[in-house]
Amino acid sequence: MKAAPVDISTGEILADGKRISTPRPATPKKMAGVVARLAKHFEWKGPIGCAFPARVKNGVALTATNLDKSCIGENIEERFSEQTGLPVFVLNDADAAGVAEMSFGAGKDRKDLVLVLTIGTGIGSAMFVQRTLIPNTELGHINVKGRNGERYSSDATRRRKELSWSDWARRFQHYLNRIEFLIGPDLIILGGGISNPRKRGNYFKKLKTRADLKKAELGNRAGIVGAAMYAAKCLREDPKPAIAERRER
Ligand code: BGC
């Protein structure tokens, strides 16, 4: 789990990020403890945006593929707000990364159908039509060759199976083919751990799509930046209740 203060007007990170290992099992309670430690590290007293790897509606996690199952049905916003004493706003992690890429990165000039895919432990998706996010799409779980797409072609699978970059790219190509067949995006942006420039894998040139294909430009900071932007948006839309309610709890 990682955190940093963000300038939401430029998308810049304002201090070195702080990283703490995700607790296992990744229960809401244990993760809330980590969020509080991260906030304390920065002596943070403002609102917090949180990119969370699940479908999230009104602060409640509805799935938990790579988390402890006790997250399902849990109000993560409430839990994290209580633990930190600060207003916390939670959205899906890929949606957060997508929001940042559309504002400051590879999607900033695009109005057509854009799909941001984050490839890491799982595969996350964020879909934009006319720059508007359609939240919680969960396209990492489409069926590819009879398997769950992310089980077949995530970065975690590449590492677990010790696949070469070519072998992984071949798998991911099947995933992209399904995405193009089912969704038909105009632009696909590839982000998450796989877009980290320190990863030397020369997979990108091997991938072929009808859509324009770009690497994410914000790399691993996209989730943090997008989450911060989301918190600011929630506060803009509903400033008083968000803060007052959370302080009262
Ligand atoms: C989850 C998504 C998440 C993605 C990336 C998937 O397993 O279902 O909600 O966005 O992983 O973390």
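The values are calculated or read from the model by the stated rules, or taken from the named source; none is laboratory data. This is a predicted model, so every value here is computed, not measured. Cβ placement follows ideal geometry from the backbone for every residue including glycine, while neighbour counts extend to all protein chains displayed. Heads up: the accessible areas ignore ligands, DNA and RNA and are worked out on the full protein's heavy atoms, side chains in. Shrake-Rupley method; radii C 1.70, N 1.55, O 1.52, S 1.80 Å.
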Are any of the residues in the stretch 9-29 of a type in the set (S, T, N, Q) and within 30 Å of Lys108 (Cα to Cα)?
yes
Do we find that Ala169 is without any contact (Cβ under 8 Å) to a residue 60 or more places away in the chain, within 14 Å of the ligand (Cβ to nearest atom) and not hydroxyl-bearing (Ser, Thr, Tyr) in this structure?
no
Spot the failing condition for Glu78; the list is (1) more than 28 Å from Thr132 (Cα to Cα); (2) open to solvent by 50 Å² or more (accessible area, probe 1.4 Å); (3) in a helix (DSSP H, G or I), and only one is missed.
(1)
For residues in the stretch 134-150 being in contact with a Leu (Cβ under 8 Å, 6 or more places away or on another chain) and more than 18 Å from Gly98 (Cα to Cα), which is nearest to the ligand (Cβ to nearest atom)?
Gly149
Breaking point among (1) exposed (fewer than 15 other Cβ atoms within 10 Å of the Cβ); (2) at pLDDT 95 or above, for Phe204:
(2)
Do we find that Ile20 is modelled with pLDDT of 95 or more and crowded, with 16+ Cβ neighbours inside 10 Å in this structure?
no
